[in-house]
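Input: a single structure, listed below in structure tokens.
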Amino acid sequence: MKRLMVIAALAVASVSCVANQGDASVRFLNARALELDDGCSASNDKFISSGGLDLSGGQNYLLALSVETNTFVQPVVIGQETVSGEGLGDVTLTELVYSYQVSGVSLPADEVDRTPIYAVFRPETNPDESYLFVYAFGPKALEQLRAQIGGSDREVTVLATIKARGHMSGGQTVETNEITFPVTVADSGWAGCPADTIATGVCGFPGQDSIPIRCVEGGS
């Protein structure tokens, strides 16, 4: 099975955790480490439990969440023969919903920050083979962080929780478990790198897991 990679948006928390995942039709599991290999990809065997973001790099924080479905292909009877119903049991996610906990910064109220997405997961999706790219902050939270943290020497750790909503192939509404992941946020005032150097940051994203951003020769 090919890994599913979709850019969406996510939130972050103090200890990475997954809540109430047992009976959800589709579940977010652990957050994979990112690796630069012919583009940014998710590690098969390395996982992360927290992160850091230097806002001066102009980026959001990218996460890769392992995804598992708890659905099965539904059989279809055609005449006297029972066959596999391709497409039946699919889960389509259409929205990401955020909540945040942080001290000293005002962020959107619970479930106000939302992002539309489109991601389809087949029945019996294996979390070892499938993941979803999501950003750590919803657009409203990222805007508020830049407004309140940007240009200062403040550093905060945001505890954010995210879940997804969507529907089954038969039309029934579904909701994933909630996942919470921590990101420490600051603004070092980085203003770019001189020629022949590059900015530090995981997967080439300036400021991801690099506070403050530094300029290095040929590395990250």
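The values are calculated or read from the model by the stated rules, or taken from the named source; none is laboratory data. Being a predicted model, the structure only gives us computed values, none of them experimental. Virtual Cβ from ideal backbone geometry, glycine too; neighbours counted across all protein chains shown. Quick note on the areas: whole protein, heavy atoms, side chains included, nothing else; ligands and nucleic acids left out. Shrake-Rupley method; radii C 1.70, N 1.55, O 1.52, S 1.80 Å.
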Check: D153 is checked against (1) in a strand (DSSP E or B); (2) closer than 30 Å to S56 by Cβ and fails just one. What number does that condition carry?
Finding: (1)
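Residues checked against (1) in contact with a helix residue (DSSP H, G or I) (Cβ under 6 Å, 6 or more places away or on another chain); (2) free of Cβ contacts under 8 Å to residues at least 24 places away in the same chain; (3) basic (K, R):
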{"position": "L142", "(1), (2), (3)": "no, no, no"}
{"position": "R154", "(1), (2), (3)": "no, no, yes"}
{"position": "K163", "(1), (2), (3)": "no, no, yes"}
{"position": "S169", "(1), (2), (3)": "no, no, no"}
{"position": "Q172", "(1), (2), (3)": "no, yes, no"}
{"position": "T176", "(1), (2), (3)": "no, no, no"}
{"position": "D187", "(1), (2), (3)": "yes, no, no"}
{"position": "A191", "(1), (2), (3)": "no, no, no"}
{"position": "A195", "(1), (2), (3)": "no, yes, no"}
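In this structure, does A199 turn out to be open to solvent by 60 Å² or more (accessible area, probe 1.4 Å) and more than 22 Å from the chain's Cα centre (by Cα)?
Values: open to solvent by 60 Å² or more (accessible area, probe 1.4 Å): no; more than 22 Å from the chain's Cα centre (by Cα): yes.
Answer is no for this residue.
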Note to self: Considering only the stretch 206-219, I want to know if a residue exists there that is in contact (Cβ under 8 Å) with a residue 12 or more places away in the chain, surrounded by fewer than 16 Cβ atoms within 10 Å (Cβ to Cβ) and in contact with a helix residue (DSSP H, G or I) (Cβ under 9 Å, 6 or more places away or on another chain).
What the structure shows: yes
Notebook entry, point to check: From S106, S130, which residue is open to solvent by 60 Å² or more (accessible area, probe 1.4 Å) and of a type outside the set (A, V, I, L, M, F, W, C)?
Noted result: S106
Item checked: Answer from I179, I149, I162, I117 - the residue that is hydrophobic (A, V, I, L, M, F, W, C) and over 19 Å from L65 (Cα atoms) -> I149
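So, I179, is that one out of contact with any Asp or Glu (no Cβ under 9 Å at 6 or more places or on another chain), assigned to a strand (DSSP E or B) and not charged (D, E, K, R) or not?
Numbers: out of contact with any Asp or Glu (no Cβ under 9 Å at 6 or more places or on another chain): yes; assigned to a strand (DSSP E or B): yes; not charged (D, E, K, R): yes.
Yes, satisfied.
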Check: Quick one: in the stretch 178-192, which of the residues that are open to solvent by 10 Å² or more (accessible area, probe 1.4 Å) and under 30 Å from R27 (Cα atoms) is farthest from the chain's Cα centre (by Cα)?
Finding: T184
Notebook entry, point to check: Of all residues in the stretch 155-190, which are under 19 Å from D209 (Cβ atoms) and of a type in the set (D, E, K, R)?
Noted result: E155, D187
Notebook entry, point to check: Residues of the stretch 156-176 being surrounded by 19 or more Cβ atoms within 10 Å (Cβ to Cβ) and not in a strand (DSSP E or B), which ones?
Noted result: T176
